[in-house]
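Step one of this worksheet: look at the structure below.
Readers should treat all values here as calculations from the given coordinates under stated rules, not as data from a laboratory. The shown structure was predicted, so the numbers you read here are calculated from the model rather than taken from an experiment. Reconstructed Cβ throughout: ideal geometry from the backbone, glycine too, with neighbour counts over all protein chains shown.
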């Protein structure tokens with residue numbers, strides 16, 4: 001049982017990490033409408049803009065990171081839409097997608113930016129854990 005929960009946690013962590021990095025503050029009706037749509041994702045440009053605000057990316061870095069984000073999102077959307085796979089396989093695949101894209105992103109960053117990026121990843125993991133624990137406690141109380 002703990003193993004199954006760990007696997008589910010891994011998948012949720014990957015999905016939450018993607019959404020946490022990519023989430024933008026709700027500032028307009030358009031943003032709210034987009035968020036209200038189930039399964040909506042921010043555009044790669046929005047993701048890069050968010051990363052830029054944290055990492056102070058150069059124009060060259062933005063141009064290199066945007067297609068990496070786009071590819072990651074395409075792969076994750078395809079994985080999410082695939083209903084034939086088992087959860088464990090999907091969780092492993094999601095982890096692999098993130099590891100691959102993170103490796104490519106880090107190759108574009110300076111050493112200082114890499115440290116900031118890794119700190120952002122740690123923060124997202126912690127937030128995902130907290131959300132998962134909250135969901136688990138909500139499900140057990142029902």
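One table, with the values for the structure above:
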quantity: Residue 84-residue 126 pseudo-label distance in nm [points 7 Å out on the Cα-to-Cβ vector]; calculated: 4.1
quantity: Taking 48, 108 and counting other C-beta atoms within 10 Å, the order from fewest to most; calculated: 108, 48
quantity: Linear extension gain, residue 134 paired with residue 77, 0.36 nm per residue minus alpha-carbon span; calculated: 18.0 nm
quantity: Added length on full extension, which subtracts the Cα-Cα distance from 0.36 nm per residue, residue 107 to residue 141; calculated: 7.8 nm
